[in-house]
Amino acid sequence: MKPVTSEAIRAIGYDPASKTARIEFSNGRIHDYPGTEPGDHDALVAADSIGRHFNAHIRGRNHVRVA
């Protein structure tokens with residue numbers, strides 16, 4: 001997991017083998033988002049506003065709460 005600068009998201013990780021993004025939110029919760037394509041992960045990390053990009057493109061997808 002790599003720390004990011006965002007009010008909503010603390011860190012982002014990615015496993016290319018399983019195409020799973022792992023997102024740690026500022027409240028400490030961690031969720032996995034399976035089926036995340038590499039380009040989607042790259043766009044999220046590079047976004048001017050990571051929280052806004054997450055809400056527009058990833059939020060609402062099937063996910064699994066890890067912690």
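Kindly provide the set of residues from segment 46-67 that are touching a strand residue (DSSP E or B) at 6+ places or on another chain (Cβ under 7 Å), assigned to a helix (DSSP H, G or I) and loosely packed, with under 11 Cβ neighbours inside 10 Å, ordered by number.
Within segment 46-67, none qualify.
Under 6 Å by Cβ, and 6 or more places apart or on different chains, what pairs join a residue from segment 29-47 that is more than 12 Å from D15 (Cα to Cα) with one that is outside any strand (DSSP E or B)?
I30/V66; I30/A67; H31/H63; L44/H53; A47/H53
Any read-out appearing in this document is the output of simple, stated calculations on the displayed coordinates, not a laboratory observation. Everything numeric in this text was worked out from a predicted model, so none of it was measured. Using ideal geometry, Cβ is built from the backbone for each residue, glycine included, and neighbour counts are taken over all protein chains shown.
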